[in-house]
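Each remark here refers to the structure printed beneath this line.
Values in this text are rule-based calculations from the coordinates and carry no lab data. What you see is a predicted model; the values in this text were computed from it and never measured. Here the Cβ positions follow ideal geometry from the backbone for every residue, glycine too, while neighbour counts run over all protein chains shown.
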Amino acid sequence: YLHPPDDQKAGVDQVCTLGYGTSRALSAFSVYARLDPEGPFREAARRLAEGIKRTLIIDGPNAYMFGHWMVPGKKIEKPGEPPLGIMAGGNAWTAQSLIQYHRALGDPEALELAGKILHYIMIDSGYFLEDGTFQQNAGGSPWAHFHTHAMGILATLYYIEETGDRALLDIALKAYEYGIRAGNGVVGFFPEATHNDGAEFRSDEHPYKYHTSEICEVVDMIICAI
């Protein structure tokens, strides 16, 4: 669901996954730009950040990527409806990387765009309830992907460190506390998927048919705690 369908791959030898891959590259360039100011990384970060900005749709107080994949020449245009569920949550990687880029090179526009992305994820997309409960809100499934939600919390905390936004801090704290309740904060177990009404685990109903923990959300929650 993150890559172009087969009927749109004809003649295409380059496919870019937006958000996950490009954002991590921007974060890495930003780190190295600070470690090696005279090296090639500042310009690499700037070019990538400007490219990422062009993929964003601005909708009032919100922003989100126009899609989750890109090929050379693909037209960037507003989708018929904003992304929902994990497609909305996946924008958190983009927000986090834009904040890291701003920290490294000082780009207020990048920080502002990150805030709009997080406003959409955390408040307007329905991916989190007002009490912080993780929601899937796609296909009616009660199961939600922990890591993508935790990245929303983490990116929001990065943004709050820069801006002090109290509204986002409130929802981030509630979501963090929900995450602890959905797992076990004593032993550091956080499930790959959470059930939004607190129902006991049943393998026949679970989307992955097993109940385990990705190390991704364990690290997310540790960083959030710090």
Inset, instruction - Would you compute, from DSSP H runs of 4+ residues alone, the mean residue ellipticity of the chain at 222 nm, taking -39500 (n - 2.57) per run and dividing by the full residue count, rounded to the nearest 500? - result: -15000 deg cm²/dmol
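Provide the gained length on full extension for the span Ile222 to Ser141, in nm with one decimal, where the gain is 0.36 nm per separating residue minus the Cα-Cα distance. Walk me through the numbers on the way to the answer.
Numbers: separation 81, 0.36 × 81 = 29.16 nm, distance 2.73 nm.
Fully extending the segment from Ile222 to Ser141 adds 26.4 nm.
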Inset, instruction - On a 0 to 90° scale, report how tilted helix 108-119 is relative to the longest principal axis of the chain, with both axes built from alpha carbons and the result rounded to the nearest 10. - result: 20
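Distance cut-off 20 Å, Cα to Cα: go down the list Lys74/Lys116; Lys53/Lys78; Lys78/Lys174 and report the pairs above it. Kindly include the intermediate steps, with their values, before the conclusion.
Values: Lys74/Lys116 24 Å; Lys53/Lys78 14 Å; Lys78/Lys174 31 Å.
Where the Cα-Cα span goes over 20 Å, the pairs concerned are Lys74/Lys116; Lys78/Lys174.
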Inset, instruction - Let me know the charge dipole size of the chain about its Cα centre in debye, to the nearest 20, where only the beta-carbon of Lys, Arg (+1) and Asp, Glu (-1) is charged. - result: 540
Inset, instruction - Please tell me the relative contact order of segment 15-71 in percent, rounded to the nearest whole number, where contacts are Cα pairs under 8 Å and at least six residues apart. - result: 44
Legend entry - Whole-Hz ³J(HN,Hα) from phi, Karplus 6.51 cos²θ - 1.76 cosθ + 1.60, for segment 97-106, glycine and proline x: 5, 5, 5, 5, 5, 4, 4, 7, 10, x
Inset, instruction - Read through the labelled values (1) 58, 43, 26; (2) 52, 44, 32; (3) 87, 40, 32 and report the label of the one computed as Cα extents along the principal axes in Å from the structure. - result: (2)
